[in-house]
């Protein structure tokens, strides 16, 4: 209580809050205010240069929160706004995915149906100016902030397009842009329906149910639920997503805190048609929090199999305490426990190990049992039923960071490489397609494509070392297939192309018959 009062007092002093929060004792509240004011006065009087009270207060709060745990944090206006957008599943802007490549702000893709898409913005367009301001010195996030704004307002954007005689000037009216937390679903071999859940927002369970309905209509007889790199989100949505698969009455998750007012248990409250579909869940080190609740519920209830690598290991529950219209503090109020009663929180006493290593501590872990008596482990994330390693070659990461795949494919499909000049692509005018070989769908990487890509690397002054290139060939092929499919047929086709040879998905498909035994 005393630490919470200090935090809120600091924010009150910075102008974020105007009234004492309920539940904070008057004396503690006033003492906190007095000490913050005294410290501010000393700094303002003695420090060798002027300082801003708001900055001091914010940093004081951040310092206090760091003494608690890695997941208690301050949400300042910018981060608060981004979190609110993700949770609502929408924002107001122009509808472009953008990235910074070697100092240039590049359009990765305009989102279909958005203002940018309707005005003809194209992938690989370079945004040179926003409202007359040069974009070279600013970050991609700064550019995003400038492109977003209230619905109905306008922003002037200058695009440089390869082949265009002069820059393209557009005035774009901002509109509501949907953010989908469940962006992709498609069929895999063996009547398996694949669904990617990117994060957990207010609409995730509703989006997922719609995807499940669509896959069922297409003949899906089992489900592969991809929670990899899903850092979590809403606890409520994690419970509702679990309910889509967990039989009515079975435990989903419980939480216990020092304050018993925060103790809760959550069971599945409804019956639905997906409880009888064989289920495999994919996780990795990027799967955390809400993702781990879903994976833990599936595993502990013996509802399906979990495949991949150990998840992050975040078993702490935060509650948001609003501090004004665009500011809040998230405080850890409890631990959550999977249905078997295990906490999956990793040790965070050594913060660098916790944040960087992302592996369970090298010491004995709690052992619990599932409904059918299988042993499961605590204190180190969710350890999958079957571990399937999957890492990308470091050479590929380096080329990704330089924008090599994106830039090469844009040259390929605009016929600016040796291979590109021999192929016809879907967007080509009919008069330009004659005499060229039609690009196949799916577009599979081969020796000719790799040779063409390496020639591009050499011409662009990028690392084209023969030994590194050869060692990374399988990963290079997957990256190129994804980028080509995305460019020619859209982002979902690109994701589908990338997952076609994903070793974790390939193993998961073979395990579907084992997952089916849980519901027999």
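Read-outs throughout are calculated quantities, based only on the coordinates presented, and are distinct from any laboratory measurement. Computed from a predicted structure; not experimentally measured. We place every Cβ from the backbone using ideal geometry, glycine too, and count neighbours over all the protein chains shown.
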Note on the chain, DSSP bridge orientation, antiparallel percent to nearest 5 equals 75
Relative exposure of 154, 49, judged by other C-beta atoms within 10 Å (fewest first)
49, 154
Give me the one-decimal nm value for the distance between modelled label points at residue 248 and residue 262, 7 Å along each residue's Cα-to-Cβ direction.
3.3
Please work out the C-alpha center-to-center distance from the range 486-520 to the range 319-343 and express it in whole Å.
33
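Using Cβ contacts closer than 10 Å as the measure, can you line up 310, 465, 125 from fewest to most?
Details: 310 21, 465 12, 125 25.
If I rank by nearby Cβ atoms, fewest first, I get 465, 310, 125.
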So residue 145 and residue 436, fully extended at 0.36 nm per residue minus their Cα-Cα distance, gain in nm 100.5 nm
Rough spin-label spacing in nm, given labels placed 7 Å along Cα→Cβ, for residue 53 and residue 134
3.9
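Report the calculated FRET efficiency for residue 320 and residue 169 (r = Cβ-Cβ distance, R0 = 35 Å), to the nearest 0.05. The partial results should precede the final answer.
Values: r = 42 Å, r/R0 = 1.19.
FRET efficiency, residue 320 to residue 169: 0.25.
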Label points 7 Å out from Cα along the Cβ direction at residue 236 and residue 374: separation in nm?
3.2
Using the reciprocal of the averaged 1/r over all distinct C-alpha pairs, how large is the Kirkwood radius of the chain in Å?
25.9
Quote the FRET efficiency, to the nearest 0.05, computed for residue 191 versus residue 271 with a Förster distance R0 of 35 Å and r equal to the Cβ-Cβ distance.
0.90
What FRET efficiency would be calculated for the residue pair residue 154, residue 45, taking the C-beta separation as r and a Förster radius of 56 Å, to the nearest 0.05?
0.75
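Got the relative contact order for the chain handy, in percent, Cα pairs under 8 Å and 6 or more residues apart? Each step should come with its number before you reach the end.
Working: 964 pairs, mean separation 56.2, N = 520.
Relative contact order of the chain: 11 percent.
Order by neighbour count: 108, 241, fewest other Cβ atoms within 10 Å first, most last.
With the sparsest Cβ surroundings first, the list reads 108, 241.
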